[in-house]
Amino acid sequence: MMYELLRPTLLLRLLLTIGMLLALASVARASTSVGEVTLSIGSSQVQREGRSEPVAKGYRIVPGDVIRTTTNGHVHVRFVDGALVSVRPDSILQVVEYRYDPANPSASLIKFYLETGTMRGISGLAAQAARDKFRLNTPLVAIGVKGTDFVTQADAKRAVVLVNQGAVVLAPLDNACLVDGFGPCATPRARELAATMDGMALVYRQAAREPLLQPVNSLQGGDKITPTLFQERIGSASTATAVADSRSPGQVLAREAAALAEIRARAERAETPPLTNSLIWGRWGDNVRPGDNLTVPFKEALSGNRVTVGDGYYFLFRNETITNTLTNASGLANFRLESGTASYRDPSNVVSAAIVDGGSLSIDFGRNTFATQLAVTARSVGTQAVTASGTIDRNTGYFLSNGAADRVAGAVSLDTSQAGYFFSKSVGNGALMGATLWRR
């Protein structure tokens, strides 16, 4: 009888204890919050510990959370160090790791994983103090930052990066650049993109040897990042300001479109008369590679011209004001080598001059294909043959080698009278690289 009387009391105590434990667990989880949702538009979810929860303004983000946005979903997060992240529609972003100690910012540890979709990130105090410990992974590449505001679009087949401020280092994931690592990968396939390289994007596609720099306005199909994504304003990392929720989508889009128009106007504005040649090679940076007597400074080449292809040092500029006959071109066109430049990077990363001895280039405008051979001589490796073939896009005049060991990327002038391409060839643990100009 006494046992029957005590059992409800024991049961009540047990339930109260469980409730208190759950409450304490909730408080503990809240105390590990590393960020807060400052804006949520449309339907978005956070996947946490095997369950999904709807996202609203004020939602607390903890390490391990996976943010999933739908077609109409858009989420902004402000992190504890002032960093800002915007997750665009149809995206999946995981906050893998976020450790920040205001007393010791250099010990910070941050990692994101963008499975698919688009995100914009503005570095906070943690990434600024510990750049070697910040990492954004995608299915194909690892991205490190240098005090940056950048946009990334990715999926299982490609990754595209734009930079608004600072610089990023993008490297394909491989045995030398592991997904478990932190910070930028310093591998031979790593490439840097800086905001000062106006209008350029860094693109890496599945199975490609290395990332490729391309003009933003040349991006097509799935690679294209719209002005809304590129110019989206989500606040200032230095002041950790909140998103201006009061702005309408129309106001945001108009402001972003105007900003992008200004970027394009700066890139297309001719400050000097157009160059005589339809194609010209420009170089990025002040340091001229040994043996380079072909390129001119980037700004000089840009005047009155537009970038077609580039690899980070060499950029091929084209005069876009002449008559475009690309779509009417037909038959086989043979080009003679007009000029070329080359260098050799040895296994110790020392660069020396090389010589382009001669070669051939043929473009079949009927079949949209090309083939080329080039003889390149370097003192330490002798004469090497660069051989490549691939396809040409008749609409743009751009051509790219297909999966060969020797990499070639170039473009034809709009009147098809000239062609140019840059090349790279692995030789042992070193590499030959250079650029060429051809004329019919």
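Please treat every number below as a calculation from the coordinates, not as lab data. Quantities reported herein were computed from a predicted structural model and do not represent experimental measurements. As a convention, Cβ positions derive from the backbone with ideal geometry for all residues, glycine included, and neighbour counts pool all protein chains shown.
Near Ser44, the amide H atoms lying under 5 Å from its own belong to Val55; only residues 5 or more places off or on other chains count, and H is placed 1.01 Å from N.
Applying 1/(1 + (r/R0)^6) with r as the Cβ-Cβ distance of Asn429 and Ala56 and R0 = 56 angstrom yields a FRET efficiency of 0.55. Using 0.36 nm per residue and subtracting the Cα-Cα separation, the extra length available between Asn164 and Ile41 on full extension is 41.9 nm.
Report the gain in length on full extension from Arg48 to Asp198: 0.36 nm times residue separation, minus Cα-Cα distance, nm rounded to one decimal. If you can, show how the numbers build up before the last one.
Numbers: separation 150, 0.36 × 150 = 54.00 nm, distance 3.93 nm.
50.1 nm is the gain from fully extending Arg48 to Asp198.
Residues in segment 120-132 carry Karplus couplings, in order, of 10, x, 10, 4, x, 5, 5, 5, 5, 8, 9, 5, 6 Hz; the curve used is 6.51 cos²θ - 1.76 cosθ + 1.60 with θ = phi - 60°, and Gly or Pro positions show x.
Once the other residues with Cβ under 12 Å from the Cβ of Ser108 are scored (Lys, Arg +1; Asp, Glu -1), what is the net sum? The partial results should precede the final answer.
Details: positive: Arg99, Lys111, Arg131, Lys133, Arg135; negative: Asp81, Glu97, Asp101, Asp132.
Net local charge, Ser108 excluded: +1.
Distances between placed amide hydrogens fall under 5 Å for Asp65 paired with Val95, all partners being 5 or more residues away or on another chain.
Kindly flag which residue pairs out of Lys157/Lys425; Lys111/Lys299; Lys57/Lys111; Lys146/Lys425 have an alpha-carbon separation exceeding 27 Å in this structure. Spell out each step's value before the answer.
Details: Lys157/Lys425 24 Å; Lys111/Lys299 36 Å; Lys57/Lys111 23 Å; Lys146/Lys425 29 Å.
With Cα atoms farther than 27 Å apart: Lys111/Lys299; Lys146/Lys425.
Residues of segment 357-379 with backbone nitrogen within less than 17 Å of a virtual label 7 Å along the Cα-to-Cβ line of Ser389, please, listed as ranges. Taking a point 7 Å out along Cα→Cβ of Ser389, the residues of segment 357-379 whose backbone N falls under 17 Å are 360-374. If Lys and Arg each add +1 and Asp and Glu each add -1, what is the summed charge of the other residues whose beta carbon sits under 14 Å from the beta carbon of Arg135? Net of charged neighbours comes to +2. From the alpha carbon centroid of segment 71-125 to that of segment 161-205 is 17 Å.
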